[in-house]
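Scroll down for the structure; my scribbles are underneath it.
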Amino acid sequence: MRPKRQAHPIEEESYRIMRELVDLSHLPPLSRAVAERVIHASADLEYAESLVLDEAVLERGREALLGGSPVICDVGMVGAGITARRSGRTASYVADGRARRISQESGVTRSAAGFRVALEDLEEAGEGAVWVVGNAPTALYELLGMEARPVLVVGLPVGFVGAAESKAALLGSGLPAAANRGVKGGSAVAAAAVNALIYHDHHERD
């Protein structure tokens with residue numbers, strides 16, 4: 001069941017202002033919900049042009065989220081920002097001792113190592129899981145090289161080193177994805193995209 005949420009008047013006013021500044025009415029419902037929440041979280045209107053969203057992919061991702069599928073995040077800040085989560089596991093393995101050891105032994109970043117550990121812990125190669133990257137391009141590259149079978153990858157890492165390239169690789173991989181083009185991103189916008197899917201109601205304001 002969709003979590004119930006009462007928006008604060010300040011948030012409602014913020015959305016009203018945002019809708020005056022950018023017209024997203026051409027987008028289908030879930031794509032619009034994600035775009036609006038990402039723009040609201042970042043106060044960055046450029047996401048209206050840079051986000052790459054597929055309605056059918058988002059529908060399947062939302063069903064998985066509401067059905068309790070695991071959500072694997074590259075860093076703890078992403079998981080902490082997914083405030084709408086009511087059922088299922090939301091986890092980051094970046095602080096896991098196994099990830100620390102893999103990072104030290106192989107030289108990969110802790111976030112990338114955390115994804116390796118996550119896949120070991122998930123059954124059936126994580127089929128049906130939602131993977132969320134908001135910080136580390138290296139974690140996104142790691143996911144692309146693994147034998148994971150995600151229902152959705154939210155790829156919104158930020159930075160001048162590898163972020164744009166990793167998202168381009170995701171969008172070209174054939175995996176079910178929600179991402180943006182360019183260097184912008186971050187934990188807050190990645191969490192916002194996931195929250196948008198969980199909270200969305202087809203009967204909400206179009």
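The values are calculated or read from the model by the stated rules, or taken from the named source; none is laboratory data. Treat the numbers as computed from the prediction; the structure is a model and nothing was measured. Glycine also receives a Cβ, built like all others from the backbone with ideal geometry; neighbour counts cover every protein chain displayed. The area values use the complete protein model at the heavy-atom level, side chains included, leaving out ligands, DNA and RNA. Shrake-Rupley method; radii C 1.70, N 1.55, O 1.52, S 1.80 Å.
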Residue selected from region 128-152 under the condition surrounded by 24 or more Cβ atoms within 10 Å (Cβ to Cβ) and among the β-branched types (Val, Ile, Thr), by the criterion nearest to Glu59 (Cα to Cα): Val130
Test: Glu204 is touching a helix residue (DSSP H, G or I) at 6+ places or on another chain (Cβ under 6 Å), at pLDDT below 95 and not in a helix (DSSP H, G or I): no
Selection status of Tyr47, within 25 Å of Glu165 (Cβ to Cβ) and among the hydroxyl-bearing types (Ser, Thr, Tyr): yes
Any hit, region 72-82, residues being more than 15 Å from Val154 (Cα to Cα), modelled with pLDDT under 95, β-branched (Val, Ile, Thr) and part of a loop (DSSP other than H, G, I, E, B): no
Where Ala129 falls short, out of the listed (1) under 24 Å from Arg37 (Cα atoms); (2) in contact with a helix residue (DSSP H, G or I) (Cβ under 7 Å, 6 or more places away or on another chain): (2)
Counted residues, region 95-122 - those being open to solvent by 40 Å² or more (accessible area, probe 1.4 Å) and under 18 Å from Gly186 (Cα atoms): 2
Residue count for region 24-40, restricted to those that are touching a residue at least 40 places away in the same chain (Cβ under 8 Å) and open to solvent by 50 Å² or more (accessible area, probe 1.4 Å): 3
Selection count where residues are open to solvent by 40 Å² or more (accessible area, probe 1.4 Å), part of a helix (DSSP H, G or I) and over 27 Å from Arg110 (Cβ atoms), scope region 41-54: 1
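Scan Ala192, Ala148, Ala179, Ala164 and give me the residue that is modelled with pLDDT under 95 and among the aliphatic types (A, V, I, L, M). Can you show your working first?
Numbers: Ala192 fails: modelled with pLDDT under 95; Ala179 fails: modelled with pLDDT under 95; Ala164 fails: modelled with pLDDT under 95.
Every option except Ala148 fails the conditions.
Please find, among Ser111, Ser103, Ser87, the residue that is more than 19 Å from Leu156 (Cα to Cα) and at pLDDT 95 or above.
Ser103 is the lone residue from the list that is more than 19 Å from Leu156 (Cα to Cα) and at pLDDT 95 or above.
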Pair list, Cβ under 6 Å, 6 or more apart: region 174-189 residue in contact (Cβ under 8 Å) with a residue 24 or more places away in the chain and hydroxyl-bearing (Ser, Thr, Tyr), other residue open to solvent by 30 Å² or more (accessible area, probe 1.4 Å) and not in a helix (DSSP H, G or I): Ser187/Asn135
Test: residue in region 3-14 that is modelled with pLDDT under 95 and open to solvent by less than 30 Å² (accessible area, probe 1.4 Å): yes
Any chance Lys184 is open to solvent by 10 Å² or more (accessible area, probe 1.4 Å) and at pLDDT 95 or above: yes
Yes/no for Ser173 being surrounded by 24 or more Cβ atoms within 10 Å (Cβ to Cβ) and over 12 Å from the mean Cα position of the chain (by Cα): no
